[in-house]
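One structure is given below, encoded as structure tokens.
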Amino acid sequence: MISKQEAFPKGFLWGGATAANQIEGGFNEGNKGLNIADVLPGGKERLQILMSAGFNFEINREKYTYPNHEAIDFYHRYKEDIALFAEMGFKVFRMSIAWTRIFPNGDESESNEEGLAYYDRVFDELLKYGIEPVVTISHYEMPLHLVKEYGGWRSRQVVSFFEKYVNVILLRYKDKVKYWMTFNEINGALKMPIMSMGFSPKNEESRYQETFQAFHHQFVASAIAVKACKEMIPEAKIGCMILFAPVYPFDSNPENILYALKEEELFNYFCGDVHVRGEYPAFIKPFFKEKNIELEIQDGDLDLIKQGTVDYIGLSYYMSRTDKKGKSEEEKSQGNIVGGVKNPFLNASDWGWEIDPVGLRISLNKLYGRYQIPLFVVENGLGAHDQLESDGSIHDEYRIDYLRDHVRAMGEAIEDGVELMGYTSWGCIDLVSMSTGEMSKRYGYIYVDKNDDGSGTLERRKKNSFHWYKKVIESNGEVL
Ligand code: BG6
């Protein structure tokens, strides 16, 4: 089915999104140091293993496999992959820089030239085709040394290490990269701090104190990055990145409506409020009091946060969350990673993530209504099992349906008055799943011949969605 959508503005940034640790491989090449993703085992239990008490952050090949070590070998195959992105007509490509390619341990005084030169090559290749890189500075790739020796973002010292890293990459790539983002899904740490903050809470009592102190350090670090970016690359745009899942009250019971509102403030808006408005929101003060949180804030921090506000909000959108106060264990939804209860109006993906394109329109309206700064959907997509046919084709019509509905929802949000800069769907080429380590949870327009057990030729193939997305971009979202 083809339908018309005329909402997308000229210059809309169509493209795809990835993260270094999920595509590059070459985990020990080019003097790269180990990062948190390098000790993530394969399999559905990977995050539980990483967070379990006594986990020593060592690689143990006898016990586990490590899919991120080779990933899809973008490290060596980036030219071939970028040529395919260009064929689809990408205007932008979202990728991240692995901090450990630039500072292998995170706390060195000198940067690693081999790592810097690698990203020069990748950016040059993109620019050759007129594709603008959109770079996430930190996407679940914290140097392992900073995790083990400093306790991750709980340590104030990490702010200075990050500052150094940021200054090096901004200076080096200032002529090549005009779109930047600080921390991937910064608010996700409220559910699970290990990947972005590099620690697991010591215990439930200390959980909030540790997490919010680490947030404070990240807010200061983000403000430093924003200021440096504006000074060094005045024409650049630098944003934050938020995992946005609108919270729906389960029913019209005012108690549930209030509950949903409070959950949404904390999870969806807290980080955005600090990044965009440059100050801690009023609603967080009673929360801090209730949880006995006392932040260590140094002189000048709050001024810095005020000065370092972002130009745009990058968001990931995969699902909404329906929730109610006092839900029982049986009522809790299975699979929806943001939690809540099952929404009877929604279907779910094979991994239990509830599919809700209208929720994307709602999210964009909510965010724009609150902040009035440009939005950028930098992640969205369907993780699904794909079937490689004997003739090499992949008929992923279910993915096209999912993406079409979400693109249409973005068009409707634009018609609602939302200022939307672009859309980079997640995993434009199949990659290693963050939450499960599977290759079989595929998001791509491009199929990569690699299986969960690590076997496969790594050959790339175009799925049906590849041809569909090419037309979407060509028509600026008119032909869906
Ligand atoms: C986002 C992350 O949470 O969701 C990505 O920024 C991740 O790194 C994506 O890959 C999809 O999640 P998953 O678990 O299906 O890979």
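The values are calculated or read from the model by the stated rules, or taken from the named source; none is laboratory data. Because the structure is a prediction, the values reported are computed rather than measured. Cβ coordinates were reconstructed from backbone atoms using ideal geometry, including for glycine residues, and neighbour counts include every protein chain displayed. Quick note on the areas: whole protein, heavy atoms, side chains included, nothing else; ligands and nucleic acids left out. Shrake-Rupley method; radii C 1.70, N 1.55, O 1.52, S 1.80 Å.
Mind checking the dipole of the stretch 13-474: about its Cα centre, +1 per Lys or Arg Cβ, -1 per Asp or Glu Cβ, Debye to the nearest 20? Working shown, then result.
On the way: 53 positive and 70 negative charges, 107 e Å.
The calculated dipole for the stretch 13-474 is roughly 520 debye.
Out of Met434, Gly130, Ile414, whose Cα points farthest toward the positive end of the dipole of the chain (charges: +1 Lys, Arg; -1 Asp, Glu; placed on Cβ)?
Farthest along the dipole direction, towards plus: Ile414.
Excluding same-chain residues fewer than 8 positions from Lys291, which lysines have a Cα within less than 26 Å of its Cα?
Within reach: Lys191, Lys202, Lys262, Lys306, Lys324, Lys325, Lys327, Lys332.
Which pairs, out of Lys91/Lys470; Lys450/Lys470; Lys128/Lys463; Lys441/Lys463, put more than 19 Å between their alpha-carbon atoms?
Working: Lys91/Lys470 11 Å; Lys450/Lys470 24 Å; Lys128/Lys463 24 Å; Lys441/Lys463 15 Å.
In this structure, Lys450/Lys470; Lys128/Lys463 lie more than 19 Å apart at Cα.
Would you calculate, for the chain, the mean residue ellipticity at 222 nm contributed by helices, counting each DSSP H stretch of 4 or more residues as -39,500 (n - 2.57) and dividing by all residues, to the nearest 500? Don't skip to the answer; put the middle values down first.
Details: 16 runs with 180 residues, N = 480.
Rounded to the nearest 500, it is -11500 deg cm²/dmol.
So for each of 461-469, 100-108 I average, over its residues, the number of other beta carbons within 10 Å; can you give me the resulting order with the highest mean first? Could the numbers behind the result be given before it?
Numbers: 461-469: 20.1, 100-108: 22.6.
Sorting 461-469, 100-108 by mean packing, highest first, produces 100-108, 461-469.
How much length is gained on full extension from Ser475 to Phe345, taking 0.36 nm per residue of separation minus their Cα-Cα distance? List each step's numbers first, then the result.
On the way: separation 130, 0.36 × 130 = 46.80 nm, distance 3.19 nm.
Extending this stretch completely gives an extra 43.6 nm.
Give the distance, in whole Å, between the Cα centre of the stretch 382-456 and the Cα centre of the stretch 242-274.
27
Using θ = phi - 60° and the Karplus curve 6.51 cos²θ - 1.76 cosθ + 1.60, what whole-Hz ³J(HN,Hα) does each residue of the stretch 81-86 get, with Gly and Pro shown as x?
After applying 6.51 cos²θ - 1.76 cosθ + 1.60, I find 5, 5, 4, 5, 4, 5 Hz.
Quick one: dipole size for the stretch 78-207, taken about the Cα centre, charges +1 on Lys/Arg Cβ and -1 on Asp/Glu Cβ, in debye to the nearest 20.
Dipole about the Cα centre, nearest 20: 380 debye.
Determine ³J(HN,Hα), in whole Hz, for all residues of the stretch 364-375 in sequence, where each value follows from phi through the Karplus function 6.51 cos²θ - 1.76 cosθ + 1.60 and θ = phi - 60°; x replaces Gly and Pro.
Computed from phi, the couplings for the stretch 364-375 are 5, 5, 5, 5, 5, x, 7, 10, 6, 10, x, 10 Hz.
Rounded to the nearest 20 debye, what is the charge dipole size of the stretch 243-385 about its Cα centre when +1 sits on each Lys and Arg Cβ and -1 on each Asp and Glu Cβ? Working shown, then result.
Details: 15 positive and 22 negative charges, 77 e Å.
With Lys and Arg at +1 and Asp and Glu at -1, about 380 debye.
Just how far, in whole angstrom, is the stretch 23-70 from the stretch 111-176 if you go by their alpha carbon centroids?
A separation of 20 Å, based on Cα centres.
Please state the shape class of the chain: rounded when a/c is under 1.5, otherwise prolate if a/b exceeds b/c and oblate if not, all from the C-alpha gyration tensor. Intermediate values should be presented prior to the final figure.
On the way: a/c = 1.25, a/b = 1.07, b/c = 1.17.
Rounded.
Relative contact order of the stretch 219-344, please, whole-number percent, based on alpha carbon pairs below 8 angstrom and at least 6 residues apart. Can you show the working numbers first?
Working: 169 pairs, mean separation 46.4, N = 126.
Relative contact order of the stretch 219-344: 37 percent.
With the full set of protein chains in place, find how many percent of the accessible area of the chain is carbon and sulfur; take the probe as 1.4 Å.
Values: 9190 of 18610 Å².
Of all accessible area on the chain, carbon and sulfur atoms account for 49 percent.
Would you work out which of Phe93, Asn476, Leu47 lies farthest towards the positive end of the dipole of the chain? Charges go on Cβ: Lys and Arg +1, Asp and Glu -1.
Asn476
Along the stretch 382-398, what does the Karplus equation 6.51 cos²θ - 1.76 cosθ + 1.60 (θ = phi - 60°) give for ³J(HN,Hα), rounded to whole Hz, x for Gly and Pro?
Rounded to whole hertz, the list is 10, x, 8, 7, 10, 10, 7, 6, 5, 8, x, 8, 9, 9, 9, 5, 4.
Per residue, how much accessible surface does the stretch 52-144 expose to a 1.4 Å probe? Answer in Å², no decimals. Please report the intermediate quantities before stating the final value.
Working: 3530 Å² over 93 residues.
Roughly 38 Å² per residue, with all protein chains present.
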